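As structure tokens, the structure follows; a few thoughts come after it.
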Amino acid sequence: MFHLLKLGPVQLSQHTTNVYLRVTATGDFSSPVFEQEDEDGIRALLEDIEPEQVRCEPALAQAAGSLGLEVEEPPQKVLAARAAIAIYMAWEQRGVAGLGPDKALLFVEAATEFWISKPWTHWDDSQPFQVAVSGPLTRTYEGSIFGGEDGGEGLALYEQSGALKLLMDLQSRGQADAATSLPAIGVTLDTRPDYAVAALAAAGSVPRLPLPLKTGPAGIAVPSTVEALVLVAALRAIARLAPTRREALSTVVAGDAQMSVRVLAPQARVRN
């Protein structure tokens, strides 16, 4: 059975388009089709398969009816496959596609755990976490969790001890450029683009785009593969913390690389 789904609208350089997907019940997918209209997208996806083998998602019901195709809610694996494609497309648009689709899935899983646990309700961005890393990379970061009523949730791992105090001092003196040049890796949970956020939410994942970044004197860059694994493990470890559990360990395996991260949290803030 093949499930036909839609992503979009997707903003390109000069115009917007829709992306149409053909996904099997096990989550395997063929090459995406870019079209403006639903019927054109569906027709392109029907090549080499019989209409009886096809089910369209409810968002395509009108076009499906015109083409005599059945409509059905996609299973979870199909929705997860669409979310993975959406993330990778969004990463390409944001310049971080070099990490690959396998890392996209790891970030979604870890960011979903982080989102569900909502650690920013217990700690704020001025409280340093100790994040000890072992594996292909061995070092200790100074971590910071951010997020709140206005959104902007995420995690930053600074390379130098005392970075948070230095950051606040620079910001208080109006030296924003110097503050953002501190060497760090991090993940922000972005509300854009809409098509990726919608695909993630429909799959029951974090309703945000996990966006990994690296900062330093040279500006904003993409974390290395090893640094990406550090971020994934750190998100998962922090998701396991609570005011009564201030230490957690997470291990991530991807290919031949295994990364372990142990997080020690400060005392939780008392919220009024």
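The values are calculated or read from the model by the stated rules, or taken from the named source; none is laboratory data. Please read all numbers here as calculations on a predicted model, not as lab measurements. Reconstructed Cβ throughout: ideal geometry from the backbone, glycine too, with neighbour counts over all protein chains shown.
Just a few scattered comments:
- Subset of the range 36-65 [touching a helix residue (DSSP H, G or I) at 6+ places or on another chain (Cβ under 6 Å) and loosely packed, with under 15 Cβ neighbours inside 10 Å]: Glu39
- Breaking point among (1) surrounded by 20 or more Cβ atoms within 10 Å (Cβ to Cβ); (2) at pLDDT below 90; (3) assigned to a loop (DSSP other than H, G, I, E, B), for Met259: (3)
- Residue check, Pro193 touching a residue at least 60 places away in the same chain (Cβ under 8 Å) and within 19 Å of Trp120 (Cβ to Cβ): no
- Test: Ala202 is touching a residue at least 12 places away in the same chain (Cβ under 8 Å) and of a type in the set (A, V, I, L, M, F, W, C): yes
- The condition (being outside the structural domain of Pro210 (by TED's automatic domain parsing), buried (at least 19 other Cβ atoms within 10 Å of the Cβ) and within 30 Å of Thr225 (Cβ to Cβ)) is satisfied by just one residue among Leu7, Leu69, Leu99: Leu7.
- Check on Ala237, in a helix (DSSP H, G or I) and either in the same structural domain as Gly147 (by TED's automatic domain parsing) or farther than 29 Å from Thr16 by Cα (or both): yes
- Yes/no for Ala221 being of a type outside the set (S, T, N, Q), at pLDDT 95 or above and in the same structural domain as Lys118 (by TED's automatic domain parsing): no
- Of the residues making up the range 21-33, just one is at pLDDT 95 or above and over 16 Å from Glu73 (Cα atoms), namely Val33.
- Unmet requirement for Ala228, which otherwise passes all of (1) more than 20 Å from Ala90 (Cα to Cα); (2) in contact with a Lys or Arg (Cβ under 8 Å, 6 or more places away or on another chain); (3) surrounded by 16 or more Cβ atoms within 10 Å (Cβ to Cβ): (1)
- Checking each residue of the range 40-63 against the condition of being touching a residue at least 40 places away in the same chain (Cβ under 8 Å), among the charged types (D, E, K, R), outside the structural domain of Glu109 (by TED's automatic domain parsing) and touching a Pro at 6+ places or on another chain (Cβ under 9 Å) gives at least one match.
- Verdict on Pro223 being in contact with a strand residue (DSSP E or B) (Cβ under 6 Å, 6 or more places away or on another chain), in a loop (DSSP other than H, G, I, E, B), surrounded by 15 or more Cβ atoms within 10 Å (Cβ to Cβ) and not small (Gly, Ala, Ser): yes
- Members of the range 221-272 found to be touching a residue at least 60 places away in the same chain (Cβ under 8 Å) and of a type in the set (Lys, Arg), listed by number: Arg236, Arg240, Arg262, Arg269, Arg271
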